[in-house]
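Have a look at the structure below before the remarks.
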Amino acid sequence: MNRYSTLLGFIKKELVQTLRDRRMRSLLFIAPLMQLALFGYALSSEVKNIRLAVVFNNPSDQVLRDIYERSIASRWFVPATGRERDPYQMIVANEADAVLVPPPGGFTKQLGRGDARLQLLINATNVLKAQAIESYLQNIIQRTVQHDLHLASPPLPIRFHIRVLYNPAMDSALFMIPGVIGMLLLMMTMVMTLTAIVREKELGTFEMLISAPVSRSAVIYGKTIPYLILGIADLPLSIAAARIIFHVPMRGSYLELFAASLAFASTAVALGVLISTYCRSQQQALLAGMFFIFPLMMFSGFLFPVENMPAAVQWLPVLDPIYHFMGLLNNIMLEGGGTLYVIKHTAILFLMAIVSVLASFHRFHTTLQ
């Protein structure tokens, strides 16, 4: 009986100690409800808002025009906009997700001869999205041709010539592995930094370090830079595993990859320091870390295409460092790296790191006064 009383006493003590803190109550009850409402509204597994372009070589190509109009009317596709005219360059410039290219004589004219060919260019850096595009368009084209030519059933006088770019085999690992690398790098840098600083605060030694005859900046950097180095040191192992085990190509520059990884790791460490300023115990730190990591993963495009989100929340991924880092990994490793794209998103990550560091210093000065 005494054993059970002791156990109940420990349970009561843990519950009271946990729920006594207002921040902990918010993390336990309010934050999950906010995430559930936000994700339930914003995330969808259906591929939509696919940017479709069609090359109209012949103004009288009515069947091709019907295919395009039916595709847009299906609400799966939206018109691709951009300055490029070459179909391949539309994909390379990221102005379209798919491009339909008819034969030189016109698609409708070749249909009349009984032997029509229609090329479909697809950006397959996201293999799930590419598979959906192929399935959607084949279905729409088949129904349109049947309707326009008054055909009862297949076979149709058309042969598809599909050219899949960047990921010809549509291997899902080529899309998933860069996302996993981003998640591992985030967890190693942000969570380790977060828990290390909070552990010092929990033991009361962090205030002793701050009060020592050393600048506060030196103390903070001394507690964070080692984890930045560990995160960067882990990157070659991750890239080697991706290349050797999963056969992920490396078509871009290793220097660009290092710069992107350094920017991302710096952002993750800076976020870890910033979050630690709001936590008083390691338990709070771990919950806060999971509270941030889960939304970052959901809005990164790793599990759900960003294009599926309602327009009202499509700005959220812009604030997500994993979204930028995943885009950089896919661009550098699969597409060969685009200079402007790499510079733009690497600069955004460094800007996030600078803002987080400045906010962290402000919080430390405020909370330690």
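Computed from the coordinates by the stated procedures, all read-outs in this text should not be read as laboratory data. Quick caveat, the model's predicted, so the values are computed rather than measured. No Cβ is skipped: glycine too gets one built from the backbone with ideal geometry, and neighbour counts run over all protein chains shown.
Numerical summary
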item: Residue-wise HN-Hα coupling along the stretch 125-141, computed from phi with Karplus coefficients 6.51, -1.76, 1.60 (Hz; x: Gly, Pro); result: 4, 9, 5, 5, 5, 5, 5, 5, 4, 4, 5, 4, 5, 4, 5, 5, 5
item: Rounded to whole Hz, the Karplus (6.51, -1.76, 1.60) HN-Hα couplings of the stretch 51-66, x for glycine and proline; result: 7, 10, 10, 10, 8, 9, 7, 10, x, 8, 7, 5, 5, 4, 5, 5
item: Square roots of 5 times each gyration tensor eigenvalue, C-alpha, the stretch 50-165, largest first, Å; result: 22, 15, 13
item: Cα-Cα P(r), the stretch 246-369, percent of pairs per 5 Å interval; result: 2, 11, 17, 19, 19, 15, 9, 5, 2, 1, 0
item: Cut-off under 5 Å, modelled amide H: who pairs with ILE158 long-range; result: ALA116
item: Protection proxy ranking of 305-316, 177-188 - average other beta-carbon atoms within 10 Å, highest first; result: 177-188, 305-316
item: The stretch 50-165, relative contact order in percent, only Cα pairs under 8 angstrom and at least six apart counted; result: 29
item: Calculated from backbone phi, Karplus (6.51, -1.76, 1.60) coupling profile of the stretch 233-243 in Hz, x at Gly/Pro; result: 5, 6, 4, x, 5, 5, 5, 4, 5, 5, 6
item: Residues whose placed amide H lies under 5 Å from that of PHE299, excluding near-sequence neighbours; result: none
item: Rounded to 5, the percent of DSSP beta bridges in the stretch 50-165 classed as antiparallel; result: 20
item: Interchain or long-range residues, amide H under 5 Å from THR277's placed H; result: none
